[in-house]
Every structure is written in C-alpha cells, then in structure tokens.
Number of protein chains: 2
Amino acid sequence: MINQQIFVLKFTLKWLLMAVLVGLAIGSASAFFLVSLDWTTHFRENHPWLIWFLPLGGLAVGAIYHYFGQDVAKGNNQLIEEIQHPEKTIPFKMMPLILLTTLLTHLVGGSAGREGTAVQMGGAIADFFTKPLKFNDLDRKILLMMGISAGFASVFGTPLAGTIFALEVAFIGKVRYEAILPSLFSALAADYTCQVIWQVGHTQYGISAVPHLTIPTILWAMLAGILFGLVGMLFAKSTHFWSNLFKSKITYPPLRPVVGGVLLAILFFAVGTSKYNGLGVPVIVESFSEKLPFYDFLAKIFFTSLTLGSGFKGGEVTPLFYIGATMGNALTNFIPLPIALLAGMGFVGVFAGASNTPIACTLMGIELFGADAAIYLALACVMAYAFSGHAGIYSAQKIAVKKYQEPDETFL
Amino acid sequence: MINQQIFVLKFTLKWLLMAVLVGLAIGSASAFFLVSLDWTTHFRENHPWLIWFLPLGGLAVGAIYHYFGQDVAKGNNQLIEEIQHPEKTIPFKMMPLILLTTLLTHLVGGSAGREGTAVQMGGAIADFFTKPLKFNDLDRKILLMMGISAGFASVFGTPLAGTIFALEVAFIGKVRYEAILPSLFSALAADYTCQVIWQVGHTQYGISAVPHLTIPTILWAMLAGILFGLVGMLFAKSTHFWSNLFKSKITYPPLRPVVGGVLLAILFFAVGTSKYNGLGVPVIVESFSEKLPFYDFLAKIFFTSLTLGSGFKGGEVTPLFYIGATMGNALTNFIPLPIALLAGMGFVGVFAGASNTPIACTLMGIELFGADAAIYLALACVMAYAFSGHAGIYSAQKIAVKKYQEPDETFL
C-alpha cells in the first residue's frame with residue numbers, strides 16, 4: 001500500500017519537474033507570441049493598406065509550408081493523431097513555422113486565431129524532450145497532452161480549461177485521466193510563466209447580471225445552445241468547404257493562399273471595415289455590452305473560413321469566440337436573456353460545438369466569466385456539443401461515443 | 001446532415017421529457033428527505049439520550065435489510081454495477097428502504113451522510129420508468145445515470161457536480177458522454193424541484209479570501225491535496241475494515257449493527273459531545289472560520305466508518321465533507337493558507353480522493369465556493385485523486401485508467 005504512494009509520488013515529481021520545464025518554455029513562447037501578435041495587430045490597424053499584401057503574405061505562408069514544412073503542415077491534427085497512435089516525434093520546426101506564418105497572416109489582415117498556434121508551439125516544444133529523455137509511447141502521449149494544455153492555458157489565461165481541453169480533444173465523447181495530473185501542472189506552470197514572470201496579461205470579460213434560473217430562462221438557454229452548436233458546425237463545414245475547394249482547383253499549394261489573399265483583399269476592401277480582420281478582440285469585448293449588427297457572426301465565419309481554408313495559418317478559436325459572442329449578441333433580438341450572458345454563452349458555446357470539448361469550454365466560461373453563470377454556460381456548451389454533428393474543426397478527432405446513435409455496446 | 005439534427009432533436013426532447021419526470025420525482029424525494037432529515041437531526045439533538053437507542057435502531061436497520069432488502073442491500077454499488085453491465089432492474093423498494101433506514105440511523109445518532117440515500121432513491125425512481133417505457137439497455141444506463149445525477153444534484157444543490165458525478169463514478173479514470181445531456185437535464189430538473197418548487201435550500205459556505213497563486217501557495221496546495229487523498233483512502237479502508245470485521249465475526253446480519261450500536265453508544269457517551277453524530281453540518285460550517293481541535297477529522301473517520309461498516313445506513317459524502325473541512329482546518333497549523341480556503345479544499349478534496357471523481361468534485365467546489373478558488377480546488381481534487389489508491393468507497397468501481405501504473409496500451 002505504501003509502495004503505491006511512493007510510486008505515485010515518483011510519478012508526481014517526475015511530471016512536476018517536466019511541467020516546470022515545459023511550462024517555462026511554452027509559457028515564454030506564448031508570452032512572446034501574444035506580445036508580437038499584439039504589436040502586429042496594432043501595426044496592421046495603423047496601416048490599413050496592408051490588406052493589399054494579403055496575396056503576397058499568402059504566397060509567403062504557402063511557400064514556407066510547401067518548401068520547409070510539409071511534415072508539420074497538419075498542425076493540430078498531427079498532434080491529435082500522435083496522441084491517438086504515437087508514431088513519429090513532432091519536428092521542432094513546427095514551432096517557428098507556425099509562429100512566423102501566424103504573425104504573417106495577422107500582419108496582412110487575415111481573419112484567424114491564436115490557439116492553434118499556441119497549441120502547436122506547445123506540442124512541438126513538449127515533444128522536443130522525448131528523445132533526450134528517452135520517453136516511451138505512454139510518456140510521450142502524456143508529454144503531448146501537457147504541451148497542448150500548456151499552450152492553451154497560457155494563450156488564454158485559463159489553466160483549468162487547458163487541462164481538460166488536452167484530455168478531451170483527441171476523442172469525441174470521452175475524457176481519460178492518464179495525464180490529468182501532468183496536464184494540470186503544465187497548464188499552471190505555463191500560465192504562471194506567461195502572466196506572472198513575463199507579465200503578459202489577457203483581455204478581461206465580464207457578465208455582470210445573471211438572471212435566476214427559471215423554466216423560461218433554462219429553455220431559452222437550451223435553444224441558444226442548439227443554435228450555437230449549429231453555427232459551430234457551420235463554421236467547421238465552411239472551413240472544410242474552402243479547404244477542399246482550393247485543394248481541388250489549385251494543385252500548386254503555395255498558390256492557394258495567393259488566390260485566397262486576392263479574394264480576401266477585395267472583399268475586405270469592399271466591406272470597408274477592419275472589424276473582420278485578425279483576432280477581432282475589440283469586437284468580442286463590445287459584444288458583451290453594445291448591440292452589434294446581427295450579421296457580424298456570419299461575416300466572421302465567411303472571412304475566417306476563407307482565410308484558413310485557403311491556407312493561411314493561425315488558430316480557429318478566437319474567431320470562434322468572436323462568432324459566438326456576436327451571435328449571442330444578435331440572439332438578444334428574440335431571446336430575453338441579458339446581452340452579456342448571451343455573448344458569454346456564445347463565446348464558449350460555439351467553440352464547444354466546433355471543437356467537441358464541452359467540459360473544457362464550460363470550465364473556460366467559468367474561468368473567464370465567473371461561477372454565477374455556470375449553469376447557463378454548461379447548457380450552452382453541452383447543447384452545442386450535442387447539436388454540432390461529428391465533424392468538428394479537428395478532422396483527426398476520433399469518435400469514442402457517438403452523439404446521436406446507439407454507441408457500441410462495449411461500454412469499457 | 002439535417003437528418004442528424006432531427007435525430008438529435010428527438011433524442012433531446014425524449015430525454016428532456018424524461019428529465020422533467022425523473023427530476024420532479026427525485027427532486028421531491030430529496031426535498032422530503034432533507035426536511036425529514038433536518039427534523040430528525042433536531043429531534044436527536046434535543047434528546048441526547050437517543051444515542052442509547054443505537055443498538056435498537058441498529059437492530060431495526062439490520063432486520064429491515066435482512067428480511068426485506070437483501071436484493072437492494074448493495075446500494076450505490078448495485079447502481080454502479082448496473083451501469084457497467086445492465087442486468088436487472090433496481091427494485092423500487094430500494095427507495096423507501098434506504099430513506100427509512102437512513103432516517104433511523106440519524107435519529108439514534110449514527111454518524112452518516114445523505115448522498116448515498118439520495119443517489120439510491122434517484123436510481124430506484126429512475127429505473128422505475130424502465131419497464132413501462134420498454135427501455136433498452138443503453139436507455140437504461142442513461143436513465144440510471146440521470147437518477148444518480150438528479151439525486152446528487154438535488155441533495156447538495158450542485159447540478160453541475162451531479163451531472164459529472166453520474167458520468168464519472170462507474171469507472172476510475174475516465175468520463176464518457178453518452179448521458180451528458182440527459183444527466184445535465186435531470187440534475188437541473190431535480191435541483192429546481194427541490195430548491196424552487198419545494199423551497200428546500202442548502203447550507204451556504206463561503207471562501208472569502210483567496211490568495212494570489214504563487215509558487216509557494218501552489219506547492220502548499222499540492223501538499224494539502226496529497227494529504228487529503230491519503231485521508232480519503234484511510235476513510236475508505238476504515239469502512240471496509242469494519243465491514244469485513246463485522247461480516248467475519250457475526251454471521252447473523254441484523255446483529256451486526258446491534259453490536260456496532262452498543263459500541264457507538266458507549267463511545268459517543270464517553271467522548272461527551274454530539275459533534276460526531278449525524279451529518280455534522282454545524283461543525284463543517286464552523287471549520288471555515290474557527291480553529292477546531294486537530295483530531296476532529298480522525299474522530300469523524302472512526303465514528304462514520306464504524307457506523308456504516310457495522311451496517312447502519314446513509315451516505316458517506318457529508319461525513320467526507322466534514323472530515324475534509326476539519327482536516328483542512330487542522331492543516332492551518334503548518335500550511336500558511338487561509339482557514340476557509342483549506343477547509344473548502346478539504347471539503348471537496350477528501351471526497352474526490354475517496355470517490356475517485358476529481359472533475360465532479362472540482363465543479364462542486366466551484367458551485368459551492370465560487371470560481372476564485374477554482375485552481376486551489378482543482379489542485380486539491382486532482383492531487384487527492386492521484387494519491388488515494390484504487391480502492392475507494394465504491395467497491396464496484398472498475399478501473400479504466402490506472403493512476404500509478406502503465407495503463408494498458410489500448411488507448412480507446
């Protein structure tokens with residue numbers, strides 16, 4: 001019996017040490033990424049003509065991956081596959097390549113996010129330790145989950161969401177606890193490194209008034225959750241649509257984001273606003289308090305799916321926050337819930353639907369908006385998860401438990 | 001594609017309807033149980049001589065189960081086994097029997113809880129619908145999880161914890177999402193029924209000051225979590241110890257709680273205080289603000305394991321809250337964290353360790369104490385989970401992912 005505890009203590013100390021190493025590295029990378037992304041975003045906002053460089057930026061991004069990064073081009077899906085079936089160490093260059101091309105995408109005004117970048121940097125940095133430390137397959141799985149957790153936690157400032165996201169993302173419909181302790185450690189270490197050591201903070205959101213749970217508010221929240229799920233599915237399908245279209249029509253990969261860039265530049269110019277460029281954090285913040293045009297979420301789906309589908313780089317998640325928050329904002333037209341609550345529910349709900357990670361997203365909502373809204377956030381995330389279908393933004397996800405059919409009878 | 005959504009909508013409406021039915025019934029049962037438990041507890045407190053009826057009460061509890069309840073005597077474990085491998089409908093009498101014997105146990109001053117009772121009432125009520133509605137095995141699994149979720153949620157006023165607890169409790173080391181939507185619905189319906197319709201509320205706890213996360217506070221929280229896990233294990237082992245001892249020494253089952261009752265009556269009289277009788281809610285509340293004797297948690301482990309191990313009825317969870325909160329209180333002797341924070345961490349941490357449900361317990365902590373303490377609560381629950389071994393309070397739990405060995409390589 002005491003042997004068990006000594007074994008666990010060794011396990012704990014080993015992963016605590018790894019978490020400090022991995023967390024310091026990934027938290028620092030996230031801090032650098034967030035600061036440079038901030039600088040890039042401001043620079044682009046002050047030089048709106050940069051959108052005309054979208055085709056050139058696209059060429060650079062496309063060429064970089066075509067000539068130097070074919071073995072890391074699958075990005076998040078590559079990490080997910082390695083967690084499912086460990087085969088090949090992630091090349092370390094995944095980290096500089098995704099960092100550089102994400103910044104390029106944002107510099108020229110592409111509509112993209114940052115979590116994919118942080119997660120890929122995290123995975124590449126974590127897996128870097130596999131060979132020198134001679135880790136076996138199980139250790140490597142744990143290490144990769146630590147990397148994902150650390151990247152996610154530090155880029156959003158949400159360590160609990162990062163912890164569970166890493167355990168939840170590889171399979172649809174289940175969470176396994178191999179890495180629960182290492183994942184929590186690395187999330188904390190990376191978040192601490194980013195926020196405390198490097199003093200790089202995160203946007204604060206607030207849901208001031210949360211109505212008491214009544215039967216009508218619960219039913220409205222369920223309806224909102226269903227709609228968030230459908231929109232999460234629409235986003236995933238749009239991205240896959242553009243991606244398939246460009247792949248089938250343009251055989252030379254570096255040309256795809258060039259064509260995408262031409263289209264994007266013309267359309268951004270035509271809409272005459274920069275609110276759909278980049279991360280769109282100011283719009284997300286506004287959506288918690290001011291009434292916005294109802295079509296904002298549709299425009300953001302269009303621009304982001306075109307940006308990413310044509311081959312630009314970056315994450316999907318901040319645009320999903322944008323889409324969800326502005327959609328929640330739009331839903332106040334007929335759903336009688338407070339604007340901030342619906343924006344917050346959409347923020348995590350659309351992401352939960354598109355990524356199939358309802359528990360991580362509920363925890364993220366609680367970490368960002370507080371526990372008062374917890375039930376509403378959970379309803380949004382779980383309903384969105386149920387209604388978003390099986391094909392989310394991560395095509396490598398495997399289905400462990402189906403959402404709408406009899407799951408197989410082997411319950412273990 | 002639209003077909004999918006229609007399927008999900010049917011699934012959702014079916015389980016929403018079931019959740020309303022099941023939630024109304026279970027929430028009402030919990031409300032009645034909580035009110036009668038309250039009455040019983042007050043009556044016992046005003047008539048301290050009732051502890052001398054422990055042997056007689058024990059005889060009644062033992063005889064009731066021996067002559068009328070052998071097929072429902074396994075209680076929570078029976079529900080867990082049916083979720084793992086559905087075989088036999090839970091006899092409805094599980095509900096009145098556990099209700100009656102729990103109240104009897106509390107009337108004569110046994111040290112026991114209420115979650116086992118609520119969960120068993122929930123399971124029995126939910127499974128009651130299986131036959132008339134001709135549910136298949138998968139439906140039945142979902143129904144049983146709904147019952148557990150509803151019972152847990154309504155007896156503690158924590159719907160999110162109830163939702164996840166039901167998904168987490170049958171297997172150690174994983175959560176599967178078959179029932180995530182039905183479980184959330186029934187938790188909300190039962191909690192609403194108990195709190196809003198019947199106006200039966202719950203004790204409020206508060207953690208007023210949560211220190212900023214620093215490296216020392218994180219390390220102290222980890223250490224506390226380890227200790228909570230070891231104490232959770234000690235509790236489970238003590239209960240099994242008494243249970244095995246009584247079973248091996250006394251062949252006639254109704255006699256076991258009689259002998260246990262004699263021992264308990266003498267020992268309760270000897271310690272000369274009623275603070276270890278019953279649920280002990282006032283002591284739990286005190287432990288958040290006042291310094292208590294350091295040995296309180298050891299005494300509560302002793303009295304509760306003897307009460308339940310000798311055959312009295314009731315849950316383990318509120319005593320585990322008591323044990324954890326008073327232990328957290330005691331840890332302030334050498335861990336420099338605020339008393340309310342350590343009490344709250346122990347409250348959920350010891351339970352997480354003993355029940356192997358770290359995510360449900362983290363959510364419970366957030367629901368009861370707010371999101372500010374979320375990281376500390378998660379550290380307590382996850383560390384306690386890691387250090388509590390594989391033999392928790394529910395002997396029927398199966399191990400899906402081991403805590404301290406190489407898990408099997410089949411990751412699915």
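The values are calculated or read from the model by the stated rules, or taken from the named source; none is laboratory data. Worth saying up front: this structure is predicted, and the values here are computed from it rather than measured. Reconstructed Cβ throughout: ideal geometry from the backbone, glycine too, with neighbour counts over all protein chains shown.
Annotations for the structure displayed:
- Residue among A:Ala29, A:Ala19, A:Ala63 that is at pLDDT 95 or above, farther than 30 Å from A:His202 by Cβ and assigned by TED's automatic domain parsing to the domain that holds A:Leu100: A:Ala63
- Restricted to the range A:18-36, and to residues there that are closer than 18 Å to A:Lys141 by Cβ and more than 12 Å from every other protein chain (Cβ to nearest Cβ), the residue that is surrounded by the most Cβ atoms within 10 Å (Cβ to Cβ) is A:Ile26.
- Residues that are outside any helix (DSSP H, G or I), surrounded by fewer than 23 Cβ atoms within 10 Å (Cβ to Cβ) and touching a residue at least 40 places away in the same chain (Cβ under 8 Å) within the range A:291-333 comprise A:Lys291, A:Thr332, listed in sequence order.
- Going through (1) under 17 Å from the mean Cα position of the chain (by Cα); (2) more than 19 Å from B:Val155 (Cα to Cα); (3) of a type in the set (A, V, I, L, M) one by one, B:Met327 falls short only on (1).
- Of all residues making up the range B:342-368, the number that are farther than 12 Å from B:Ala380 by Cα and in contact with a strand residue (DSSP E or B) (Cβ under 7 Å, 6 or more places away or on another chain): 1
- Members of the range A:257-290 found to be among the polar types (S, T, N, Q) and part of a helix (DSSP H, G or I), listed by number: A:Ser287
- Qualifying residue in the range B:147-167 (condition: farther than 16 Å from B:Ser186 by Cβ and surrounded by fewer than 24 Cβ atoms within 10 Å (Cβ to Cβ)): no
- Selection of the range A:152-183 for residues being over 25 Å from A:His390 (Cβ atoms) and under 16 Å from the mean Cα position of the chain (by Cα) yields A:Ala153, A:Ser154, A:Val155, A:Phe156, A:Gly157, A:Thr158, A:Pro159, A:Leu160.
- Candidate set: the range B:73-90, residues that are surrounded by 21 or more Cβ atoms within 10 Å (Cβ to Cβ) and of a type in the set (A, V, I, L, M); chosen: the one farthest from the other protein chains (Cβ to nearest Cβ): B:Ile90
- From the list A:Gly225, A:Gly206, the lone residue that is of a type outside the set (A, V, I, L, M, F, W, C) and surrounded by 24 or more Cβ atoms within 10 Å (Cβ to Cβ) is A:Gly225.
- Restricting the range A:363-395 to residues that are in a loop (DSSP other than H, G, I, E, B) and farther than 14 Å from A:Leu227 by Cα, the residue that is farthest from the chain's Cα centre (by Cα): A:Gly370
- Selection of the range A:142-180 for residues being at the interface with chain B (Cβ under 8 Å from one of its Cβ atoms) and at pLDDT 95 or above yields A:Pro159, A:Leu160, A:Thr163, A:Ile164, A:Ile180.
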